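S.K.: Mind having a look at this structure? Questions to follow.
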Ligand SMILES: CC(C)(COP(=O)(O)OP(=O)(O)OC[C@H]1O[C@@H](n2cnc3c(N)ncnc32)[C@H](O)[C@@H]1OP(=O)(O)O)[C@@H](O)C(=O)NCCC(=O)NCCS
């Protein structure tokens with residue numbers, strides 16, 4: 001668990017699937033600029049969590065839940081190894097009601113510090129849709 005002043009990041013687990021399904025199947029979560037995410041049932045998401053695609057294993061993809069300090073789940077942070085391999089990419093989003101309160105800034109600070117301190121990488125990047 002990565003602990004900040006406003007938010008924590010913790011590895012996503014099976015118990016987070018209801019939250020993930022609710023968010024990822026909601027058009028308002030994706031917003032007007034992001035492509036709508038794949039619509040999947042909780043059962044399908046559970047299968048994917050238990051049997052990650054080969055590409056996810058090769059890319060060392062990890063997904064974290066962004067939580068407020070009171071443990072309320074407010075979003076997701078994903079990271080994966082990009083090519084060339086000393087480069088990581090991150091992607092993140094919050095539920096609409098929790099945007100614009102500084103949580104995204106702190107979540108990025110936490111993951112960037114953690115990645116540079118724990119891995120031999122030269123660069124972290126994020127694309128904006
Ligand atoms: C993008 C996102 C994660 C930022 O997290 P956040 O907690 O809302 O952002 P913060 O409150 O920490 O603000 C960070 C900065 O981004 C700016 N910002 C936030 N949302 C913005 C928006 N929609 N458009 C322009 N600027 C924005 C803030 O003004 C702030 O700027 P400042 O540091 O100069 O004051 C969050 O707004 C979100 O989930 N948005 C919808 C999904 C999305 O766009 N995800 C990225 C897809 S590539």
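The values are calculated or read from the model by the stated rules, or taken from the named source; none is laboratory data. The shown structure was predicted, so the numbers you read here are calculated from the model rather than taken from an experiment. Quick reminder, even Gly has a Cβ in these numbers, built from the backbone with ideal geometry, and neighbours come from all protein chains shown.
S.K.: Considering only the stretch 110-129, state which residues are in a loop (DSSP other than H, G, I, E, B) and either without any contact (Cβ under 8 Å) to a residue 60 or more places away in the chain or within 14 Å of the chain's Cα centre (by Cα) (or both).
M.R.: Those that are in a loop (DSSP other than H, G, I, E, B) and either without any contact (Cβ under 8 Å) to a residue 60 or more places away in the chain or within 14 Å of the chain's Cα centre (by Cα) (or both): 119, 120, 121, 122, 126, 127, 128.
S.K.: Please work out which one of (1) in contact with a helix residue (DSSP H, G or I) (Cβ under 9 Å, 6 or more places away or on another chain); (2) in contact (Cβ under 8 Å) with a residue 12 or more places away in the chain; (3) under 20 Å from residue 108 (Cα atoms) is the condition residue 72 fails and give its number.
M.R.: Every listed condition holds for residue 72 apart from (2).
S.K.: Still on this structure: Which condition from (1) within 24 Å of residue 129 (Cβ to Cβ); (2) in a helix (DSSP H, G or I); (3) modelled with pLDDT under 95 is the one that residue 79 breaks?
M.R.: That leaves (2) as the condition not met.
S.K.: Quick check: anything in the stretch 105-117 within 13 Å of the ligand (Cβ to nearest atom), within 22 Å of residue 32 (Cβ to Cβ) and touching a helix residue (DSSP H, G or I) at 6+ places or on another chain (Cβ under 8 Å)?
M.R.: No: zero hits.
S.K.: Related question: Being within 28 Å of residue 119 (Cβ to Cβ) and either touching a helix residue (DSSP H, G or I) at 6+ places or on another chain (Cβ under 9 Å) or in contact (Cβ under 8 Å) with a residue 60 or more places away in the chain (or both): is that true of residue 67 here?
M.R.: Yes: the conditions hold for residue 67.
S.K.: While we're here: Taking the stretch 3-60 as the region of interest, how many residues are within 16 Å of the ligand (Cβ to nearest atom) and outside any loop (DSSP other than H, G, I, E, B)?
M.R.: Going through the stretch 3-60 one residue at a time, the tally reaches 12.
S.K.: Would you point out which residue out of 50, 70, 129, 120 is modelled with pLDDT of 95 or more and surrounded by fewer than 14 Cβ atoms within 10 Å (Cβ to Cβ)?
M.R.: None of the other options fit; the residue is 70.
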